[in-house]
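Asker: One structure is given below, represented as structure tokens, and several questions about it will come after.
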Amino acid sequence: MSISGGFGQAPNEGDSLSIDTTFFEMDTADTPSFESIDLSFDEMGEGFDMPSGGVVYGQKASTSFWDSYIADPMRLEVKYEIAYKVAKPDRIMNNRTSFRVEYSKFLFNKVTLQVDARVFAFLKNDHRTRNTTVWLNDSPSEAEISFAGRARDAYLQTSFNKTSIKVGYQTLSWGESEFATVTDEISPLDYREPLTLNIDELRLCQFMFTVDQYSSFGKWSTFFTPDPRFNQHPKKGTGYYYAPFGEGINYHIEGSDRNLFEYGVRWKKTFGKSDIGVMAARLVNNEYTMRMDTVETITQRALPYFVSGITFNRAINNFLIKGEVAIKSPKAYNNASFQVVKKNALDASLGVDYSLTNTFKLSMEAVNYHVIDWDEDILGVPENNYMLLFVMGKQLMKNDLSISWVTMYNGPYTSFFNLLTTSYNLNDQATVYFDVLVPISDEVKSGFYRYRDQKQVGLRFQYQF
């Protein structure tokens with residue numbers, strides 16, 4: 001099972017909550033590769049040129065093409081997960097396997113190739129599976145299976161002096177909040193799994209040019225996206241599909257006479273136990289702006305907007321205080337006639353992490369999304385859309401067992417999300433996860449209302465090698 005909670009903003013129709021699970025699942029780290037061993041001794045050194053463990057001192061140890069270019073730079077992961085919806089009507093929601101490849105290789109002494117991609121197989125009863133015709137020995141048979149793939153990163157990186165340049169498909173996160181998208185709206189999200197736990201699993205890569213410059217007066221970061229992508233939503237026939245305007249609606253994407261590329265810059269500086277960041281960007285809204293032309297036709301259009309914001313962190317003993325604020329103009333909303341209304345928005349978050357011990361951590365965060373000059377004609381969006389979050393994480397048994405609890409309150413249309421996640425490391429390669437998700441929502445106007453019966457338990461098994 002995976003919870004999503006993620007768009008950061010407590011959603012309206014079509015949005016969902018994403019929760020970055022710091023305690024739930026650690027990202028796989030890059031594994032260094034050792035391409036050769038070059039050991040030498042002084043001419044008079046005892047044992048010079050004598051074999052030891054297969055290495056002849058004074059000579060370069062040879063490595064095969066397989067070890068140098070495939071085995072050493074690559075890390076693989078196989079995962080199986082199953083999730084069961086216990087509320088009526090009960091059913092299996094997830095029954096799937098996935099295969100992940102991470103590859104990092106330094107090439108030609110100049111550039112590094114980074115790849116992180118995953119392939120999914122949705123098995124019988126999974127909410128995203130499809131009936132597929134399989135031909136075997138020229139005879140057809142029906143199989144309940146479907147496939148999907150997603151790349152998180154696939155780029156080339158080079159560095160010189162104190163400058164790093166990346167070109168290719170990337171995800172980019174500039175925010176400080178683990179739960180909210182205040183300044184962090186660069187990468188679109190994949191909502192086809194609206195209850196996915198890790199926000200990193202929701203991010204969609206885009207083709208980007210990014211540059212990081214390190215200097216004595218701070219770190220400068222810039223990006224350019226020539227062809228931005230948009231959020232993905234559940235498709236018809238899947239378990240989370242939702243048609244807000246009913247069936248039979250024709251959607252038409254309208255061309256834009258404006259350039260739709262994105263660009264931005266951020267400056268970040270550390271001062272002792274504090275840091276501050278200032279960013280500005282020209283983005284394209286990750287959601288299409290929608291306008292109803294007829295009762296059966298809705299026109300979708302890409303809308304550029306500008307965002308500027310400030311982020312900060314401050315460490316005080318065992319406390320970490322963090323926050324961010326951003327103004328966005330203009331953001332698009334709809335009125336009662338389902339025509340586009342443009343308003344500016346002011347979003348902010350403030351959070352506190354408290355580490356009682358090295359293995360016990362508490363976090364609290366408050367988030368608010370404010371529409372400037374809001375009026376009652378704006379459809380489905382309150383003037384202030386806010387949420388409060390509480391997270392508790394505990395590690396036991398020499399950090400092999402992790403337990404975390406997340407509770408989120410969303411207003412003004414009251415709803416709660418509760419999530420219990422446990423993980424246990426069987427060994428260095430194998431990990432078992434167990435999740436319990438309990439959403440509570442009785443407010444029809446809440447964007448979470450359609451998930452009110454998605455009370456689930458889930459089990460995942462992960463093996464890395």
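Asker: Taking amide H positions as placed in the peptide plane 1.01 Å from N, state which residues far from Thr181 in sequence (5 or more) or on other chains have amide H under 5 Å from it.
Answerer: So Thr181 has HN proximity to Gly8, Gln9.
Asker: Something else about it: Which residues' amide hydrogens lie under 5 Å from the amide hydrogen of Tyr263, considering only partners 5 or more residues apart or on another chain, with H built in the peptide plane?
Answerer: Thr225, Arg282
Asker: Compute the separation of the alpha-carbon centres of the range 154-185 and the range 274-315 and state it in Å as a whole number.
Answerer: For the range 154-185 versus the range 274-315, the Cα centre distance is 17 Å.
Asker: With P(r) over Cα pairs in 10 Å bins from 0, in percent in mind, check [x] 3, 12, 14, 12, 9, 7, 6, 5, 5, 6, 7, 6, 4, 2, 0, 0; [y] 4, 16, 22, 22, 16, 12, 6, 3, 0; [z] 4, 17, 27, 27, 15, 7, 3, 1, 0, 0 and report the label derived from this structure.
Answerer: [z]
Asker: If we count other beta carbons within 10 Å of each Cβ, what is the order of Thr407, Thr431, fewest first? Mind showing how you got there, number by number?
Answerer: Working: Thr407 15, Thr431 20.
Listed from fewest to most nearby Cβ atoms, that is Thr407, Thr431.
Asker: What are the ³J(HN,Hα) values, in whole Hz, obtained from phi via the Karplus relation 6.51 cos²θ - 1.76 cosθ + 1.60 with θ = phi - 60°, for each residue of the range 228-241 in sequence order, with x given for Gly and Pro?
Answerer: Calculated HN-Hα couplings, in order: x, 9, 10, 4, 9, 10, x, 8, 4, x, 9, x, 10, 4 Hz.
Asker: Would you work out which of Asn317, Tyr451, Asn427 lies farthest towards the positive end of the dipole of the chain? Charges go on Cβ: Lys and Arg +1, Asp and Glu -1.
Answerer: Positive-most Cα among the choices belongs to Tyr451.
Asker: Applying the Karplus parametrisation 6.51 cos²θ - 1.76 cosθ + 1.60 with θ = phi - 60° to the phi angles of the range 69-84, what ³J(HN,Hα) value in whole Hz is obtained for each residue in order, glycine and proline being reported as x?
Answerer: 10, 10, 5, 5, x, 10, 10, 10, 9, 10, 9, 10, 9, 9, 9, 10
Asker: Show the residues, 5+ positions off or on another chain, whose built amide H is closer than 5 Å to the amide H of Arg203.
Answerer: Asp190
Asker: Also, quick follow-up: Taking a 26 Å limit on the Cα-Cα distance, which of the listed pairs Lys235/Lys445; Lys79/Lys361; Lys166/Lys398; Lys219/Lys273 fall beyond it?
Answerer: Exceeds cut-off: Lys79/Lys361; Lys166/Lys398.
Asker: Follow-up question, since we're still on this one. Taking θ as phi - 60°, what are the ³J(HN,Hα) couplings along the range 215-223 by the Karplus curve (6.51, -1.76, 1.60), each to the nearest whole Hz, with x for Gly and Pro?
Answerer: Once rounded to whole Hz, the list reads 9, 5, 10, x, 9, 9, 10, 9, 8.
Asker: Here's something else I'd like to know. From Cα pairs below 8 angstrom and at least 6 apart in sequence, can you work out the relative contact order of the chain, rounded to a whole percent?
Answerer: On the way: 1200 pairs, mean separation 65.3, N = 465.
Computed over the chain, the figure is 14 percent.
A short reminder: the numbers here are calculations on the coordinates, not readings from a lab. The structure displayed is predicted, hence computed values, not measured ones. Neighbour counts are summed over all protein chains in view; Cβ atoms, including those assigned to glycine, are modelled from backbone coordinates with ideal geometry.
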